[in-house]
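Peer 1: Pasting a structure below so you can have a look.
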Amino acid sequence: MMDQQSYKKTYKPLVLWMILFIAVCALMPTLINRILQQLFQITWGAGAEVRMILIFMVIAIDGLMWMIYAGEYVYWINGGPSFAEAKAAGSEKRKAYAGAHLSVFLKTTVVCCVYLLISSFFRLPMGIDIFLVSSAIVVAAIKTMPIRFD
């Protein structure tokens, strides 16, 4: 638990997360595809690269939610408390609020990863993958709207 004195407003972890998110999304598929091609002579194609980005994207959102939970940065959550409200509320309340959001996004990640494995097996079009995973993330975000800090 974090005491009231040590709870400080910062966005440094969020900025770091954003930079890493963009870098990994840009580099990961190409590097993995090259490694697989050189070591195992396996070529996955564009569909697999898109699926890797989608899997990383949902896992990265979980990572962001975990950062919010661990650091109690609930003031980062859109529609959530201000920093002053969060600081006044105390650690347990901040953890409960962030944990409720984290739980929703973890469930979404499991559903998306299972779907993407099935999609890879049946080689479904990547447009469907993009639409369904994006829709799942939007639905998860909407499901968090009733979660209140009060």
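Coordinate-derived values only; no laboratory data. Small disclaimer: the values here were computed from a predicted structure and weren't measured. Cβ: placed from backbone, ideal geometry, glycine included. Neighbour counts: every protein chain shown.
Peer 1: Report the gain in length on full extension from Val138 to Leu14: 0.36 nm times residue separation, minus Cα-Cα distance, nm rounded to one decimal. Mind showing how you got there, number by number?
Peer 2: On the way: separation 124, 0.36 × 124 = 44.64 nm, distance 2.01 nm.
Going from the current span to full extension adds 42.6 nm.
Peer 1: Right, another one. For a quick check: sort Phe105, Phe21, Phe131 by the number of other beta carbons within 10 angstrom, fewest at the front. Walk me through the intermediate numbers first.
Peer 2: On the way: Phe105 21, Phe21 16, Phe131 11.
Ascending Cβ contact count within 10 Å gives the list Phe131, Phe21, Phe105.
Peer 1: What three numbers, in Å, describe the spread of the alpha carbons of the chain along their principal axes, ordered from the longest?
Peer 2: If we take the Cα atoms of the chain, the spans are 57, 28, 20 Å.
Peer 1: Helix 12-40 against the longest principal axis of the chain: what's the angle in degrees, Cα atoms only, rounded to the nearest 10?
Peer 2: 20
Peer 1: Let me ask something else about it. If each residue's Cβ is checked for other Cβ atoms within 10 Å, how do Tyr11, Tyr69 rank with the fewest at the top? Working shown, then result.
Peer 2: Values: Tyr11 12, Tyr69 20.
By the 10 Å Cβ count, ascending, the order reads Tyr11, Tyr69.
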